[in-house]
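Since the structure comes first, as structure tokens, the remarks are kept for the end.
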Ligand SMILES: Nc1ncnc2c1ncn2[C@@H]1O[C@H](COP(=O)(O)OP(=O)(O)O)[C@@H](O)[C@H]1O
Ligand SMILES: [Mg+2]
């Protein structure tokens, strides 16, 4: 046994029988139906599936933004299902970066403030220096004092990526990050995400409608109606077993 192998296959996410129903009794939806999922450190996982199948909800659970009704979720071995709201928020701030389709920037803050203020709130020192460095690294060194409304969609998504990366999270979660961008800009944003993932050895979870984008991930998972119906990693394992 090679010690290096253990390092390569360190588990970063473990979902066990994850179950969640959303909505009121009159209009409830069984969104996640007993999902089991294990993801190793450094994997890039493309999550695909029809609209309404539960992809965003799954990401929100993995981001610690949505709680399960039952089942367990471990991130870096931490049992998030038994964390208090405060502990969850702190864990999220340190370990998980999130990028949304619609950028979610704060309109009355500059690009620099959008990245620096969350760091300051998390008690991280040198927040503005880190923010300046992260924005420069995504190509926005000359846009630090622009407000979101003064930036193009691609530039706004770069700010959001800088914000997500600034705490050096182990896990980067992106929900349709290119969904609001034209094809060329979307490709540049995807290139940036994959470059950052490679550079920092992060685990990347990417929901996308774009099959070619999912194909760039090292693993693809298909969700349908609240269940994982296909997993390229599992298929490989199954195929390795002689019939
Ligand atoms: N807060 C909510 N209340 C009720 N139903 C919800 C809520 N959030 C999501 N849903 C439903 O859960 C299902 C999955 O939603 P979602 O995770 O956003 O799917 P996807 O991202 O795959 O399009 C959908 O049918 C949606 O209408
Ligand atoms: Mg969605």
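Filter the range 201-222 for residues that are more than 16 Å from ligand 1 (Cβ to nearest atom), surrounded by fewer than 14 Cβ atoms within 10 Å (Cβ to Cβ) and in contact (Cβ under 8 Å) with a residue 12 or more places away in the chain and give the result.
Taking the range 201-222 as the starting set, the residues that turn out to be more than 16 Å from ligand 1 (Cβ to nearest atom) are 201-204, 212, 215-219.
With the extra rule that they be surrounded by fewer than 14 Cβ atoms within 10 Å (Cβ to Cβ), the set shrinks to 201, 212, 215.
Matches in the range 201-222: 201, 215.
If you go through the range 135-190 one residue at a time, how many are in a loop (DSSP other than H, G, I, E, B) and under 23 Å from residue 12 (Cα atoms)? Break it down stepwise before answering.
Our first condition is that a residue be in a loop (DSSP other than H, G, I, E, B); within the range 135-190, this holds for 138-147, 151-152, 166-170, 176-182.
In the following step, the residues that additionally are under 23 Å from residue 12 (Cα atoms) were identified as 166-170, 176-177.
Count: 7.
Residue 18 versus (1) in contact with a helix residue (DSSP H, G or I) (Cβ under 7 Å, 6 or more places away or on another chain); (2) closer than 19 Å to residue 170 by Cβ; (3) in a strand (DSSP E or B): which is the lone unmet condition?
The single condition residue 18 does not satisfy is (2).
Looking at this structure, is residue 152 more than 28 Å from residue 61 (Cα to Cα) and either at pLDDT below 95 or within 16 Å of ligand 1 (Cβ to nearest atom) (or both)?
On the way: more than 28 Å from residue 61 (Cα to Cα): yes; either at pLDDT below 95 or within 16 Å of ligand 1 (Cβ to nearest atom) (or both): no.
Taking the combined requirement at face value, the residue does not satisfy it.
In contact (Cβ under 8 Å) with a residue 40 or more places away in the chain and more than 16 Å from ligand 1 (Cβ to nearest atom): does that describe residue 90? It would help to see each step written out before you state the result.
Details: in contact (Cβ under 8 Å) with a residue 40 or more places away in the chain: no; more than 16 Å from ligand 1 (Cβ to nearest atom): yes.
Considered against the rule, which asks whether it is in contact (Cβ under 8 Å) with a residue 40 or more places away in the chain and more than 16 Å from ligand 1 (Cβ to nearest atom), residue 90 comes out as no.
Yes or no: the range 104-123 includes at least one residue that is at pLDDT 95 or above and closer than 27 Å to residue 215 by Cβ. Before the answer, list the steps.
Residues of the range 104-123 that are at pLDDT 95 or above, as a first pass: 104-117.
Among the residues that remain, those that are also closer than 27 Å to residue 215 by Cβ are: 104.
For the range 104-123, residues at pLDDT 95 or above and closer than 27 Å to residue 215 by Cβ: present.
Being surrounded by fewer than 15 Cβ atoms within 10 Å (Cβ to Cβ), touching a helix residue (DSSP H, G or I) at 6+ places or on another chain (Cβ under 7 Å) and farther than 18 Å from residue 191 by Cα is the requirement here; does residue 146 meet it?
Numbers: surrounded by fewer than 15 Cβ atoms within 10 Å (Cβ to Cβ): no; touching a helix residue (DSSP H, G or I) at 6+ places or on another chain (Cβ under 7 Å): yes; farther than 18 Å from residue 191 by Cα: yes.
No.
Quick one: residue 99 ticks every box in (1) at negative phi; (2) touching a helix residue (DSSP H, G or I) at 6+ places or on another chain (Cβ under 7 Å); (3) away from ligand 2 (no atom under 16 Å from the Cβ) bar one, so which box is it?
In the conditions (1) at negative phi; (2) touching a helix residue (DSSP H, G or I) at 6+ places or on another chain (Cβ under 7 Å); (3) away from ligand 2 (no atom under 16 Å from the Cβ), residue 99 misses (3) alone.
Tell me the residue from 64, 42 that is away from ligand 2 (no atom under 13 Å from the Cβ) and touching a helix residue (DSSP H, G or I) at 6+ places or on another chain (Cβ under 7 Å), please.
The match here is 64.
For the range 30-53, enumerate the residues that are over 23 Å from residue 198 (Cα atoms) and either at pLDDT below 95 or more than 13 Å from ligand 1 (Cβ to nearest atom) (or both). I'd like the intermediate steps shown before the answer.
Residues of the range 30-53 that are over 23 Å from residue 198 (Cα atoms), as a first pass: 30-36, 49-53.
Result: 34, 36.
What pairs come out if I take residues in the range 138-153 that are at positive phi and pair them with residues that are surrounded by 18 or more Cβ atoms within 10 Å (Cβ to Cβ) whose C-beta lies under 7 Å away, six or more apart or interchain?
Hits for this filter: 139/158.
Take the range 177-193 and flag every residue that is within 16 Å of ligand 1 (Cβ to nearest atom) and crowded, with 20+ Cβ neighbours inside 10 Å. Even if it seems obvious, please write down each step before you answer.
Taking the range 177-193 as the starting set, the residues that turn out to be within 16 Å of ligand 1 (Cβ to nearest atom) are 177-180.
Residues satisfying the conditions are 177, 178.
The values are calculated or read from the model by the stated rules, or taken from the named source; none is laboratory data. Source: prediction; values computed, not measured. Cβ: placed from backbone, ideal geometry, glycine included. Neighbour counts: every protein chain shown.
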